[in-house]
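Chemist: Please find one structure pasted underneath; my questions will follow.
The values are calculated or read from the model by the stated rules, or taken from the named source; none is laboratory data. All values reported here derive from a predicted model rather than from experimental measurement. Every residue, glycine as well, gets a Cβ built from its backbone with ideal geometry; the counts of neighbours run over all protein chains shown. With ligands, DNA and RNA removed, areas are computed over all heavy atoms of the protein, side chains included. Shrake-Rupley method; radii C 1.70, N 1.55, O 1.52, S 1.80 Å.
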Amino acid sequence: MNNPVVNTARLLGAGLRAVLVLTVLTGIVYPLAVTGVAQALFTNKANGSEIKADGKVVGSSLIGQQGYSLDYFQPRPANGLGVNSVNTQYRLILSGATNRSGDNPELVKWVEEAKAKVVKDNSVPGYTVRSSQVPADAVTSSGSGLDPDISPQYADLQVHRVAERNGLSVAQVEKLVKDHTEGRTLGFIGEPRVNVLELNLALRSLEA
């Protein structure tokens, strides 16, 4: 005759052993195995795609930074829209879009103000930026507001200002932009892009 107490104890013991085994497999063995494979095959990506300068981590190639002086290339506006951006310093605690429609009066005003600022900031003696030259990514942000890249068109628009403020030739800075322009992923995904942090670090090295 079966003893209910013994059966219950046996079932509880089996359940406990299952919990312990699964905890070790899924909570220890599997995470360590995945981490090991990631570190072996994708070290940089697994560690956050860190970018180093002078032996120190200065950022990630996946997260944009703002606050550059006009001596450097400027990123996209943070979380929207130009001078009235909500996320003024690419703070990671605030990510997202403004969720305003394309014909929203406030959005239109922000874009117009941002375009005027881009034209003013990038016009230097002997080179005047026209309003029609300003690309969309110069006056709008990405969906996250933390885009690390700009279009080659926006980078090219900034070349004369960067060259003039750093005592470099336009040809030198144009080559810098060209060398840091990445094509479409796999040749067909996305658009050509320039990572602003990597470009500015290369500019700093060129100045030195």
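Chemist: Measuring from centroid to centroid over Cα atoms, what is the spacing of the stretch 120-148 and the stretch 19-46 in Å?
Modeler: About 44 Å separates the Cα centre of the stretch 120-148 from the one of the stretch 19-46.
Chemist: Okay, moving on. List the extent of the Cα atoms of the stretch 1-67 along each of their three principal axes, largest first, rounded to whole Å.
Modeler: That gives 78, 28, 16 Å along the principal axes, largest extent first.
Chemist: Which whole number in µm²/s is D for the stretch 135-189 by Stokes-Einstein, with the Kirkwood Rh taken over Cα pairs at 10 °C and 1.306 mPa s?
Modeler: Values: Rh = 12.6 Å.
D = 126 µm²/s.
Chemist: Bin width 10 Å, alpha-carbon pairs only: give the P(r) of the chain as whole percents, running from 0 to the bin holding the largest distance.
Modeler: Per 10 Å bin, starting at zero, the Cα-Cα P(r) for the chain comes out as 8, 25, 27, 15, 8, 7, 5, 3, 1, 0, 0 percent.
Chemist: Moving to a separate point now. If you consider only alpha-carbon coordinates, what radius of gyration and Dmax does the stretch 87-206 have, in Å?
Modeler: Final numbers for Rg and Dmax: 15.4, 43 Å.
Chemist: Rolling a 1.4 Å sphere over the protein heavy atoms, what is the accessible area per residue of the chain, to the nearest Å²? Numbers along the way, then the final one.
Modeler: Numbers: 12670 Å² over 208 residues.
Value returned for the chain: 61 Å² of accessible area per residue.
Chemist: Beyond a 28 Å Cα-Cα separation, which of these cross-linked pairs lie in this structure: Lys45/Lys115; Lys115/Lys175; Lys117/Lys175; Lys109/Lys175?
Modeler: Working: Lys45/Lys115 35 Å; Lys115/Lys175 25 Å; Lys117/Lys175 25 Å; Lys109/Lys175 35 Å.
Violating the 28 Å limit, Cα to Cα: Lys45/Lys115; Lys109/Lys175.
Chemist: Per DSSP helix of 4 or more residues, -39500 (n - 2.57); summed, then divided by the residues of the chain. What does that give at 222 nm, rounded to the nearest 500? Don't skip to the answer; put the middle values down first.
Modeler: Numbers: 7 runs with 92 residues, N = 208.
So the helix-based figure for the chain works out to -14000 deg cm²/dmol.
Chemist: Within 10 Å, count the other beta carbons around each residue, average over each peptide in 114-126, 136-148, and list them highest first. Walk me through the numbers before you get to the answer.
Modeler: Values: 114-126: 15.5, 136-148: 20.5.
Packing order, densest peptide first, comes out as 136-148, 114-126.
Chemist: Now a separate question. Relative to the longest principal axis of the C-alpha atoms of the chain, give the angle of the C-alpha long axis of helix 152-166, reported between 0 and 90° and rounded to the nearest 10°.
Modeler: That helix lies at roughly 60 degrees to the long axis.
Chemist: Still on this structure, I have one more. Pairing the Cα long axis of helix 105-122 with the longest principal axis of the chain, what angle in degrees results, from 0 to 90 and rounded to the nearest 10?
Modeler: Tilt relative to the chain: about 60 degrees.
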